[in-house]
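> Submitted below is the structure of interest, expressed as structure tokens.
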Amino acid sequence: MREKLEALQAEAIEKVQQADNLQALQDVRVAYLGKKGPITEVLRGMGKLSPEERPVIGELANKVREAIATALDNKKNLLEEAALNEQLQKEAIDVTLPGRPVKTGGPHLLTSIIEEVEDLFLGMGFEIKEGPEVETDYFNFEALNLPQDHPARDMQDTFYITDHLLLRTQTSPVQARTMREYNGDKAIKMICPGIVYRRDSDDATHSHQFTQIEGLLIDKNVRMSDLKGVLLEFSRKLFGADREIRLRPSFFPFTEPSVEVDVTCKVCDGKGCNVCKHTGWIEILGAGMVHSNVLRMSGYDPEEYSGFAFGMGVERIAMLKYGVDDIRHFYTNDVRFLSQYHKA
Ligand code: 2NL
């Protein structure tokens with residue numbers, strides 16, 4: 001009996017060692033320690049033994065069972081550890097690899113310019129006003145001294161929706177609305193950025209839709225020198241502290257006198273280059289003293305109040321400031337163009 005038990009132990013431990021996966025190991029456990037296994041059988045047959053043999057064989061059988069169980073447990077731990085290591089190996093991540101870059105957007109160049117100009121005029125005490133893009137012919141034309149038969153009102157130049165509704169051709173109607181809102185008895189300092197529409201054929205310098213910023217200042221005793229001071233401040237903040245400006249006589253229906261405003265060329269420092277067409281000056285905006293008819297129509301008494309106004313094309317400013325050669329770049333949404341102007 002003793003030999004049989006010792007042989008069983010040796011055989012079982014050999015099988016445990018041979019088991020190379022958890023299922024095989026479980027099979028060994030069932031085969032040797034299960035209810036139908038040889039150890040159970042020995043213990044069941046104890047009754048047939050003599051009283052002297054019984055405790056000796058009983059103790060040995062228990063030891064053998066324990067030895068086999070310990071061997072099974074040890075092997076189980078080994079196999080589980082190996083399985084875990086294999087899994088970790090398979091799922092290993094190299095945390096030192098660089099991540100994929102995240103592409104972020106940014107404001108459109110035109111938006112950035114509008115915001116820059118807004119900041120600059122807010123700093124001079126102007127307020128920012130917006131208004132509708134679908135306008136009445138009254139606010140878009142009539143209130144701005146463009147009477148019924150004025151050539152600028154031609155169907156050829158304006159997108160009409162009905163006889164009296166149109167897509168605004170300038171942002172000045174916002175200013176006409178503000179003058180009316182202010183009742184003819186309050187000073188106004190405002191700028192109005194926005195999209196405007198003209199029936200133009202699109203090319204490198206024309207677009208049927210573009211962006212304008214207009215400014216209006218109305219108060220008592222406003223003079224041309226006030227206009228010049230504000231425009232000089234604006235030009236130096238936007239184009240550089242060393243810029244000069246000059247005013248040339250011009251014509252707009254809503255201002256009298258009217259001027260066109262040039263700034264010294266930054267590219268050649270006034271010496272003459274292709275950008276300034278060898279004049280040393282670049283035209284940046286139109287301006288003038290608000291026409292007395294415009295004041296009167298919106299409820300301001302030209303004997304009491306005077307004012308100046310100016311208007312600029314934002315695309316033109318952007319093209320000059322950044323050397324953009326085609327206005328269509330602003331609308332075709334090619335990320336290679338647009339992303340050049342995103343700040344890092
Ligand atoms: C240009 C010129 C200009 C104005 C706009 C204006 C508005 C009111 C009264 C008087 Cl309510 N004037 N606006 C005046 C002069 C020029 O724009 O070249 N724009 C792109």
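The values are calculated or read from the model by the stated rules, or taken from the named source; none is laboratory data. As the structure is a prediction and not an experimental result, all values here were calculated from the model. Note that we place each Cβ from the backbone using ideal geometry, even for glycine, and neighbour counts take in every protein chain shown.
> Under 8 Å between Cβ atoms, at least 6 apart or on separate chains: pull out the pairs that start in the stretch 273-294 with a residue that is near the ligand (Cβ under 6 Å from one of its atoms) and end on any residue that is assigned to a loop (DSSP other than H, G, I, E, B).
Sorted first by the residue in the stretch 273-294, then by its partner, the pairs are 288/254; 290/254; 294/145; 294/254.
> Here is a further query. Return the only residue of 238, 216, 231, 227 being under 22 Å from residue 119 (Cβ atoms), more than 36 Å from the chain's Cα centre (by Cα) and in contact (Cβ under 8 Å) with a residue 40 or more places away in the chain.
227
> Which one of the conditions (1) more than 16 Å from the ligand (Cβ to nearest atom); (2) assigned to a helix (DSSP H, G or I); (3) modelled with pLDDT under 95 does residue 325 fail to meet, given that it meets all the rest?
Exception for residue 325: condition (2).
> Here's a check for you: in the stretch 244-268, which residue that is of a type in the set (Asp, Glu) and farther than 10 Å from residue 286 by Cβ is nearest to the ligand (Cβ to nearest atom)?
For the stretch 244-268, the residue satisfying everything is 256.
> Let me ask another. Hey, can you tell me all the residues within the stretch 144-165 that are at pLDDT 90 or above and more than 24 Å from residue 287 (Cα to Cα)?
Within the stretch 144-165, 159, 160, 161, 162, 163, 164, 165 qualify.
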